[in-house]
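S.K.: Let me give you the structure first, and then I'll get to my questions.
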Amino acid sequence: MAQGKLSPRQKMINLMYLVFIAMLALNMSKEVLSAFGLLNEKITDANVAATERNSAFMESLATKAAEQPEQYAEVKQKADRVSEISEELNTYLEGLKTEMMGTVKPEEATDYEVQDKPDFLDRRFFQGDNLKPEGQEFLDNINKYRTDMLAVLGDSYPDIKSSIEANFSTAPEENRDGKKIDWLNYHYEGFPLVASRTKLTSLQNDIKVTKNELLSKMLAGQQATALSFTQYNTLLEQSKSAFYAGEQFEGGIVLGRKDPNTKPNRVELTLDGRPLTEDQYTIENGKVKLNINAGAAGDHKIEGNLIFLQDGKEVEIPVSSSFATITKPNSAVISADKMNVVYRGVENPMTVSIPGIPDNKVTASGTGLSKVSGSKYVMRPGGGREVAINARGTLPDGQTVNTTSTFRIKDIPRPTGTIRGEDGNGGCVRMQRQGLEIASVGAILPDFDFDISLNVTGFKFKVSGQPTVVVSGRKLDASAKGALRRAKRGETVQIFDVSANIANNSGYKLKKISPVCIELTN
């Protein structure tokens, strides 16, 4: 205020100033302070639960790393680093909260309505418009956590990286007036103690939740439910290897373990009652691979046991499976992907294959036929009404299979003329005179199985009572427009003798294109 003797007027001004400050202080509702305190309690409880989950994850991972170091040692090392980074920032924040609560009387620790002073963090972090060393230390700790965590993640887990960058950003914030405010000032300057404490507890929660999510994904092998199924695949268990058409299927889907670290100590298997020797199977990638011949046609049975050591005792896993050997194919399957005919003037896609013979052992020949890749071919038929395609395949024993199929050859159907993309649907297209002057003449193949682009090169234009105009190109030229201007409203003009060719096959002669008529609406 002021020193020395004050006038009555100055005393009144000073009193009014004190009343004004008191009114500002009352703007912070006591209920709001209590709400911050209750929120802090809930987040603290959540942090305890998250800590317990993280500890359980780490214990499980430590056990797995000890039992199967090849599979889990690297994951364990990365998880330890995540724990170290997380604990460093969490400990710093907890220490800051402890110092903060040291300014509150013990009996008022849960009386949130009296924790309305911003003095602790304001004095600790700020000095005028500048940051004190302690304020810079706070920022440095958060920035270090963010940088270290992103370095551990590398290019993995992009969703968690985005969460870390968002939750632990210290970039300037924009206030309600659109002004940029330094992050520390925006979040902690002038706030009641209980609010700042809740914010610090929330930061701790972000640390623990991030760690929990990351550990859950890193373990990805066995903890609770998710961690045990990545080493399994599905198998089809059935009563027999083949079924007749219409017969009731008997079987089900089961899980099979495929873990390279889980290997049987001993194998006792038989094929059709004959014991398999050691050169007839190998153990690799967590499975027993059979190195046997399929044998004669018919069903074959594999039985026996896979023996594992568990707690020093042998545990037998029974094996009972079967497979069927079928006779060699003696015919080919040839099909046209576009109906049972091929069209002249276009590329007809075809599939040529022989069951039981790989595509690289099958060759096909025919007039106009060329191979694309695998079993895919293209047929470009020439003259005539039919084309024969021969497929030849080589069986593993060197024998050959030959099959010949005949396909009919058809011409491309008659195109339909269009104006502005419309063909009139059997009638006339209604257009304004100005629209017709700038419209393009085209040709289409309605309901044709191939997507063919037709290029119009010319046409004839007829107005009743006027000489026929021969036009070169797709639009009316000056002569045609002159004839059009002399046509009456409601009169029908005609475009006919349209000349067009296929975009990628200009040498093919199309059938005569149907004309298109236009009724003038003005």
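S.K.: Only Cα pairs under 8 Å and at least 6 apart count here; give the relative contact order of region 28-132 as a rounded whole percent.
M.R.: Rounded, it is 35 percent for region 28-132.
S.K.: In whole angstrom, note down how far apart the Cα centers of region 197-215 and region 127-162 are.
M.R.: 14
S.K.: Find the accessible area per residue for region 357-408; the probe is 1.4 Å, ligands and nucleic acids are left out, and the unit is Å².
M.R.: 57
S.K.: Is region 396-522 best put as rounded, prolate or oblate by its Cα gyration tensor, with a ≥ b ≥ c the root eigenvalues, rounded for a/c under 1.5, and otherwise prolate when a/b is larger than b/c, oblate when not?
M.R.: In terms of gyration-tensor shape, prolate.
S.K.: Keeping the other protein chains in place, figure out the carbon and sulfur percent of the accessible area of region 402-518, with a 1.4 Å probe.
M.R.: 43
S.K.: Excluding ligands, DNA and RNA, what is the solvent-accessible area per residue of region 409-504 at a probe of 1.4 Å, expressed in Å²?
M.R.: Roughly 53 Å² per residue, with all protein chains present.
S.K.: Within region 363-402, which trypsin sites (Lys or Arg not before Pro) sit in a loop by DSSP and count at most 11 neighbouring Cβ atoms inside 10 Å? Walk me through the intermediate numbers first.
M.R.: Working: sites: K371, K376, R385, R392; in loops: R385.
Those that pass, being in a loop and sparsely packed, are R385.
S.K.: Share of region 28-99's accessible area from carbon and sulfur, percent, 1.4 Å?
M.R.: About 57 percent, which is the carbon plus sulfur part of the accessible surface.
S.K.: Can you give me the Cα centroid spacing of region 41-98 and region 396-471 in angstrom?
M.R.: Region 41-98 and region 396-471 have Cα centres spaced 71 Å from each other.
S.K.: If contacts are Cα pairs under 8 angstrom and at least 6 residues apart, what is the relative contact order of region 65-220 in percent?
M.R.: Value for region 65-220: 31 percent.
S.K.: Moving on to the next point. Going through the cross-link list K132/K179; K76/K301; K289/K361, which pairs have a Cα-Cα distance over 32 Å in this structure?
M.R.: Correct reply: K76/K301.
S.K.: For region 137-197, what does the relative contact order come out to in percent, with C-alpha contacts under 8 Å and a separation of six or more?
M.R.: 25
S.K.: With every protein chain present, what is the per residue accessible area of region 64-132 (1.4 Å probe, Å²)?
M.R.: Heavy-atom SASA per residue in region 64-132 reads 60 Å².
S.K.: Ranked from highest to lowest mean number of other Cβ atoms within 10 Å per residue, what is the order of the peptides 435-442, 101-108?
M.R.: On the way: 435-442: 17.9, 101-108: 11.4.
The densest-packed peptide leads the list: 435-442, 101-108.
The values are calculated or read from the model by the stated rules, or taken from the named source; none is laboratory data. All values derive from a computational prediction rather than experimental measurement. Note that we place each Cβ from the backbone using ideal geometry, even for glycine, and neighbour counts take in every protein chain shown. Quick note on the areas: whole protein, heavy atoms, side chains included, nothing else; ligands and nucleic acids left out. Shrake-Rupley method; radii C 1.70, N 1.55, O 1.52, S 1.80 Å.
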